[in-house]
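Asker: Just dropping this structure here.
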Amino acid sequence: MGIKVELQKIGILGLQLIWHFLHFIVSLYYFVIGIATTLESYLISWGLLRKYKHLNIDRLQYLAIVVESDEAYNTLKIIELLQWLASLGIRSVCLYDVEGVLKQSKEIILKKLKNASVFQGNEPLQLSKKGITLEFISISDGKEAIARAANFLLENKWRKTNMSGDHKQCLSESQMTEALAAVGCGGPDPDLILVYGPTRCHLGFPAWRIRYTEILHMGPLKSMNYGSLLKAIYKFTMVRQNYGK
């Protein structure tokens with residue numbers, strides 16, 4: 001009996017050693033990957049990797065920056081990021097955070113950027129030749145848009161139902177898109193979304209505007225660097241996109 005207990009203890013100890021060994025290997029792998037990524041970012045920033053010097057920036061007509069609200073208070077970092085984007089030739093940017101911190105900092109941001117202007121989402125997208133055009137939105141804009149579109153659809157469906165007598169009409173995606181446009185809440189779809197923050201998601205960015213949008217997580221805003229930004233945009237411009245019908 002005593003021998004069986006000892007064997008069980010040895011078996012448990014062996015499993016624990018294997019677990020710790022595998023955990024060490026995985027941690028070491030991600031550590032090496034992190035070092036390599038950081039080194040590559042600095043090499044890109046210093047202009048030592050030639051392929052990143054040639055960007056097909058025309059493929060990126062509209063870029064969205066999603067920032068976690070706590071980090072959105074770092075206005076200097078936001079301004080620096082926008083200055084980098086402007087230097088790369090990006091002319092239209094949407095700034096989003098959940099609580100609307102960026103909207104509150106709008107005047108400060110506009111003063112610090114040369115030839116910056118504000119774009120309203122219900123207007124046709126026009127690329128500025130001199131400066132950068134900015135759109136400021138938060139989660140409240142999305143909620144308001146859904147409420148207004150729902151009221152629009154309800155009124156129109158009620159009117160059409162009374163006229164046709166058909167009470168089994170279904171709501172289609174195209175009808176929702178038309179309703180959002182009708183109430184002035186459509187807005188252009190970003191080609192690319194860069195997410196800054198600890199969470200790997202779009203943080204409630206209006207879903208009807210990201211049907212064909214590429215989303216990349218960039219890590220914390222405080223750790224942003226020019227090389228990582230350039231690499232993300234380069235990768236997007238090199239990807240061939242196939243849109244379904």
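The values are calculated or read from the model by the stated rules, or taken from the named source; none is laboratory data. It should be emphasised that the depicted structure is a prediction, and the values quoted were computed from it without experimental measurement. Cβ sites come from the backbone with ideal geometry, for glycine too, and all protein chains shown count toward neighbours. Remember, those area values only see protein heavy atoms, side chains included, never the ligands or the DNA or RNA. Shrake-Rupley method; radii C 1.70, N 1.55, O 1.52, S 1.80 Å.
Asker: Mind checking the per residue accessible area of the chain for me, 1.4 Å probe, whole number of Å²?
Answerer: 64 Å²
Asker: Taking amide H positions as placed 1.01 Å from N in the peptide plane, with prolines and chain starts having none, which residues 5 or more places from residue 74, or on another chain, fall under 5 Å of its amide H?
Answerer: Counting only residues 5 or more places away or on other chains, the set is empty.
Asker: Where in region 179-210 does the label zone of residue 61 land, with the point 7 angstrom along Cα→C-beta and an amide N cut-off under 11 Å?
Answerer: Once the point is set 7 Å along Cα→Cβ of residue 61, 188-191 turn out to lie under 11 Å by backbone N, inside region 179-210.
Asker: What is the spin-label model distance, in nm, from residue 239 to residue 174 if the labels are put 7 Å beyond Cα along the C-beta direction?
Answerer: Here the answer is 2.8 nm between the modelled labels.
Asker: Give me the net charge for the shell around residue 190: Cβ to Cβ below 14 angstrom, other residues only, Lys and Arg +1, Asp and Glu -1.
Answerer: 0
Asker: Oh, and also: Kindly write out, for region 55-65 in residue order, the coupling ³J(HN,Hα) from the Karplus curve 6.51 cos²θ - 1.76 cosθ + 1.60 (θ = phi - 60°), rounded to whole Hz, with x marking Gly and Pro.
Answerer: With the stated coefficients, region 55-65 comes to 10, 8, 5, 5, 6, 10, 6, 9, 10, 10, 10 Hz.
Asker: List, in order, the whole-Hz ³J(HN,Hα) value for each residue of region 36-48 obtained from phi through the Karplus relation with A = 6.51, B = -1.76, C = 1.60 and θ = phi - 60°; use x for Gly and Pro.
Answerer: Along region 36-48, the couplings run 5, 5, 5, 5, 4, 4, 5, 5, 5, 4, 7, x, 8 Hz.
Asker: Accessible area of the chain with a 1.4 Å probe: how many percent of it is carbon plus sulfur?
Answerer: 59 percent
Asker: Just the accessible area for residue 32, please: 1.4 Å probe, Å², rounded to the nearest 10?
Answerer: Solvent-accessible area, nearest 10 Å²: 80 Å².
Asker: Which whole-number percent is the relative contact order of the chain (Cα, under 8 Å, 6+ apart)?
Answerer: Computed over the chain, the figure is 24 percent.
Asker: Going by a ≥ b ≥ c, the root eigenvalues of the Cα gyration tensor, does region 37-135 fall in the rounded group (a/c under 1.5), the prolate group (a/b larger than b/c) or the oblate group?
Answerer: It comes out oblate by the Cα gyration axes.
Asker: Regarding the chain, what is the average projected area of its C-alpha convex hull, in nm²?
Answerer: 21.9 nm²
Asker: For residue 92, which sequence-distant residues (separation of 5 or more, or a different chain) have an amide H within less than 5 Å of its own amide H, given hydrogens modelled in the peptide plane?
Answerer: The list, which skips near neighbours in sequence, is 63, 133.
Asker: Mind listing the phi-derived Karplus ³J(HN,Hα) values for region 3-20, rounded to whole Hz, using 6.51, -1.76 and 1.60 with θ = phi - 60°, and x for any glycine or proline?
Answerer: Rounded to whole hertz, the list is 5, 5, 5, 4, 5, 5, 5, 5, x, 5, 4, x, 5, 5, 5, 5, 4, 5.
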